[in-house]
Amino acid sequence: MREPIEPDPGNAGVGKGGKEFLSLLPQGKQAFCFMKIRLNGQDYNIEEELSVEELLRRLSILPERVAVEVNLQVIRKADFKCFKIKDGDVVEIVNFVGGG
Amino acid sequence: MDDRLIIRGIEFKSRLWVGTGKYKDFEETKRAVEASGTDVVTVAVRRVNIFDRKSENLLDYIDPKKYKILPNTAGCYTVEDALRYARLAREAGISDMVKLEVIGDERTLFPDVCGLIKATEILAKEGFIVFPYTNDDPITAKRLEDAGAAAVMPLGAPIGSGLGIRNPYNIKIILETVKVPVIVDAGVGTASDAAIAMELGCDAVLINTGIAGAKDPVKMAEAMKHAVIAGRLAYLAGRIPKKLYATASSPFEGMLI
């Protein structure tokens, strides 16, 4: 069985140096089949379709200060609860940083 | 005196706008922004750090209730990218304002004006309040105004160059060409540059590197604040014409001849 802690081996270069990968699975849960998503340029495996809200919750990201794009489509905050992230989706989560 | 800057119904209390890039840390950003007296700051849109959730957020230091957040599309080289970043920024933030950048060249960071006009037109139609970063060309400024820009932001000199207002005459012509506010963006290196922009009659000045890159950014922020106020007052006061020869300030009358 594959370790449900991601990203998958294709991205082994990222997160080196003691950084812990975030699991997209609920704590303690073991998954047996996976779907692949691409999140902020990295591949992750998730065990089921997730709403945007659930994804952000698992990543400990506050929804108020971010914007989410799925397959180049901006997801309105009002739709975070109902919009499901599916197998193969390309997800971007962005926020504001210092800039001129 | 009523000298408020109002753009699309939004009142800006300060005519100095500041960027939040290139600071040592968020604490310094906060102190410099406070010292500048501004009420509008620019920010960039970038990926959230998925791995390090403990890292602090800019908005922990720059309170969006206190400052107007003006997101930029910095780093975008195509219309499509600029639109994408602008739409994400609107969803991440709380306003329709965007400082639109469509960059044409990596070395100069000069704008791709064809792309800029196109992106301005599309975003304006989508209800954005578009502040396009443009070059100091009056014709482009006019095209941007026609495309629906809320203001135009001509550069004084290349971004981060600190070369000052390289073509004050073009800025002057832009001021006479467009009805929308003119905000000098980029190139301001020190207080006198900011004052010159304001003396020309510009509505505001946006500064990032000129403050963030100074040896003492907080002190420079304060200097810029005073320079912008001084330049604005001088513009409103109306300067004397320049003449080649002297005109005595003291009267001849009563001299001991």
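The values are calculated or read from the model by the stated rules, or taken from the named source; none is laboratory data. Small disclaimer: the values here were computed from a predicted structure and weren't measured. In this analysis, Cβ positions are derived from the backbone assuming ideal geometry, glycine residues included, and neighbour counts consider all displayed protein chains. Keep in mind that these areas ignore ligands, DNA and RNA; they rest on the heavy atoms of the full protein, side chains included. Shrake-Rupley method; radii C 1.70, N 1.55, O 1.52, S 1.80 Å.
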Practice prompt. Taking only the C-alpha atoms, wrap a convex hull around the range B:144-217 and report its volume per residue in Å³ as a whole number.
Written response: 78 Å³
Worksheet item: Under 5 Å between amide H atoms, partner at least 5 residues away or on a different chain: which partners does residue A:35 have, H built in plane at 1.01 Å?
Response: A:46, A:47, A:48
Worksheet item: How much FRET efficiency would the formula 1/(1 + (r/R0)^6) give for residue A:90 and residue B:219, where r is the Cβ-Cβ distance and R0 is 51 Å, rounded to 0.05?
Response: 0.65
Discussion item. Less than 30 Å apart at the alpha-carbon level, and either on another chain or at least 8 residues along: which lysines does that give for residue B:118?
Written reply: A:77, B:22, B:68, B:99, B:142, B:172, B:179
Worksheet item: Taking H as built 1.01 Å from N, whose amide H comes closer than 5 Å to the amide H of residue A:89, not counting residues under 5 places away?
Response: A:38
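I'd like the antiparallel share, as a percent to the nearest 5, of DSSP beta bridges with both residues in the protein assembly as shown. Could you put the intermediate results ahead of the total?
Working: 23 of 45 bridges.
Rounded to the nearest five, the antiparallel share is 50 percent.
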Response to the item:
Between the modelled labels at residue B:179 and residue B:245 (7 Å from Cα along Cα→Cβ) the distance in nm is 4.5 nm
Fill in: Distant-in-sequence amide H partners of residue B:97 (H built 1.01 Å from N, under 5 Å)
B:129
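Taking Rh as the Kirkwood radius computed over C-alpha pairs, what is the Stokes-Einstein D of chain B at 10 °C in a medium of viscosity 1.306 mPa s, expressed in µm² per second?
Details: Rh = 19.0 Å.
Reported coefficient: 84 µm²/s.
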Worksheet item: How long are the three semi-axes of the equivalent ellipsoid for the range B:1-105, computed from the Cα gyration tensor as the root of 5 times each eigenvalue, in whole Å, largest first?
Response: 23, 20, 13
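Any number yet on Rg/Rh for the protein assembly as shown, C-alpha, Kirkwood? Each step should come with its number before you reach the end.
Values: Rg = 24.3 Å, Rh = 22.3 Å.
Value, to two decimals: 1.09.
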Worksheet item: Stretched out fully, how many nm does the piece from residue B:118 to residue B:66 gain, at 0.36 nm a residue minus the Cα gap?
Response: 15.5 nm
Worksheet item: What does the average come to when, for each residue of peptide A:61-72, you count the partner chain Cβ atoms lying within 10 Å of its Cβ?
Response: 4
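Once the piece of chain linking residue B:4 and residue B:172 is laid out straight, how much longer is it, given 0.36 nm per residue of separation minus the C-alpha distance between them?
On the way: separation 168, 0.36 × 168 = 60.48 nm, distance 2.07 nm.
Separation in residues times 0.36 nm, less the Cα-Cα distance, equals 58.4 nm.
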Fill in: Zone of residue B:31's modelled label, taken as backbone nitrogen in the range B:209-227 under 20 Å from a point 7 Å along Cα→Cβ
B:209-226
Practice prompt. Taking 7 Å along the Cα-to-C-beta vector as the label spot, tell me the residue B:78-residue B:54 distance in nanometres, rounded to one decimal.
Written response: 3.9 nm
Item to complete: Nearest 100 Å² is fine: how much accessible area is buried between B and A, summed over both sides, with a 1.4 Å probe?
Response: 2900 Å²
Worksheet, complete the sentence: antiparallel share of DSSP beta bridges within the range B:28-140, to nearest 5, in %, is 10 percent
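When you look at the Cβ of every residue in B:40-46, what mean number of other chain Cβ atoms sits within 10 Å? Could the numbers behind the result be given before it?
Values: counts 0, 4, 4, 6, 7, 6, 7.
Per residue, the number of nearby Cβ atoms from other chains is 5 on average.
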Fill in: Nearest-ten-degree value, helix B:26-36 long axis tilted from longest Cα axis of chain B
30 degrees
